[in-house]
1. Using 7 Å Cα-to-Cβ label points, what is the A:V224/A:N94 separation (nm, one decimal)?
2. How much accessible area per residue does the stretch A:291-346 have, counting only protein heavy atoms and a probe of 1.4 Å, in square angstrom?
3. Between A:A326, A:A185, A:A88, where does the largest GNM mean-square fluctuation fall for chain A, given springs only between Cα atoms within less than 10 Å?
4. Using 0.36 nm per residue of separation minus the Cα-Cα distance, give me the extension gain between A:H239 and A:K15 in nm, one decimal.
5. Can you tell me the Rg and the Dmax, both Å, for the Cα atoms in the stretch A:253-307?
6. Rounded to the nearest 0.05, what FRET efficiency is calculated for A:K300 and A:S213 with R0 set to 25 Å and r the Cβ-Cβ distance?
7. Counting only other residues whose beta carbon sits under 13 Å from that of A:R16, what net charge do I get with K and R as +1, D and E as -1?
8. Using the Cα centre as the reference, give the magnitude of the dipole from point charges on the C-beta atoms of chain A (Lys, Arg: +1; Asp, Glu: -1; all else neutral), rounded to the nearest 20 debye.
Amino acid sequence: MSFSKTLTDWYSVNKRQLPWRQTTNPYYIWLSEIILQQTQIKQGLPYYENFVTTFPTVFDLANANEAEVLKLWQGLGYYSRARNLHFAAKYVVNELDGVFPDTYKELLKLKGVGDYTASAIASICYNEVTAVVDGNVYRVLSRYFGIDTPINSSKGDKEFKALAQELIDKKDPATFNQAVMEFGAVQCKPKSPDCTVCPFVSSCYAFGKHVISELPVKIKAAKVSKKYFNFLVFLTPNHTTVLEQRQGKGIWQNLYQFPLIESNKPLTQKQLELELKDLDIIKEQTYELSLYNKDEIVHKLSHQHLYTKFWIVDLDSNIKEGTPIAALEDFPVPILIGNFIEAFNF
DNA sequence: AAAGCGGGGCG
DNA sequence: CGCCCAGCTTT
């Protein structure tokens, strides 16, 4: 039996029921694919439900403010996905009369849509024969065929894409693509897959050679850097604080946070007080400074570890541009800030 | 080609 | 603690 047939037979028996499998509406498929980039289904599912409920059509999404979109995305990470999602929705509405692109090539023009996502939408919604290559596909193909080209290299990119394109079922690319991903997620898992119940066991290279745990090959990432974050939580007599929007290019772009003093080493209270003198908010003010968390909160990103202290700055008088404490929940914030807001007794 | 970008879950 | 997740964009 062919690779494709074995795979799709497995899929017909083992596939999970998921909301985006009940539709071929490109708007919903697009939403699901963006949400699921680098994200496990269990984590992305509630966000998908929220998005389709809040923004039932691409017009609703396009008409929203970016902050509303980011708020709904809060906690999911990789926030450029949300910004690009919103940008692309406006593009579809304003430039394409709300009609989604219907080819791989045109889909690629949407911000946030790369090779994988364009292939997924084109195949699932329009039956275009273009193979998806995601983390699951890398794993399944590298093991079954014994390919040790690093998956995070340009050579690996081309090699696996070409192989998947050979294997894909030309008559039903949508089912094949979803089947290979589902197979990778459910059966050919990263750790300790149960090969005794695998339909490919008799012909799988990695199983035969006992190299399951060595495939796929991936070039290791550089070591993570450490940063020291000092957030200033201002409190005023009339129950406001200060929240600012992150600018520039780094992490959490366009999300909100408490005023931040970043340093290369941990700051003592004395060192921080010196920094405070330069702040506009503090000028001419008397205040009382206290440290909220004695032990630093370590927030781990893919390649940064953020050693975080929250400093409470109790001001004697009110300020002009304060954010009412009651309005805090309306702003999109990084989960690190969100956790603090939830825990702190304002 | 390499770096940057989140947060959660698992062994 | 390291690794992985329905990857993309920028440098």
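1. Each label point is offset 7 Å from its Cα along the Cβ direction, giving 3.8 nm.
2. That works out to 58 Å² for each residue.
3. Comparing A:A326, A:A185, A:A88 in the GNM, the peak value goes to A:A326.
4. Full extension of this stretch gives 75.4 nm more.
5. Both quantities, over Cα of the stretch A:253-307: 13.4, 41 Å.
6. Step by step, r from the Cβ atoms, then E = 0.55.
7. Net charge around A:R16: +2.
8. Value, rounded to 20: 1360 debye.
The values are calculated or read from the model by the stated rules, or taken from the named source; none is laboratory data. Keep in mind it's a predicted model, so treat the numbers as computed, not measured. Positions of Cβ are generated from backbone atoms using ideal geometry, with glycine treated the same way; all protein chains shown enter the neighbour counts. All accessible areas refer to the heavy atoms of the entire protein, side chains included, with ligands and DNA or RNA removed. Shrake-Rupley method; radii C 1.70, N 1.55, O 1.52, S 1.80 Å.
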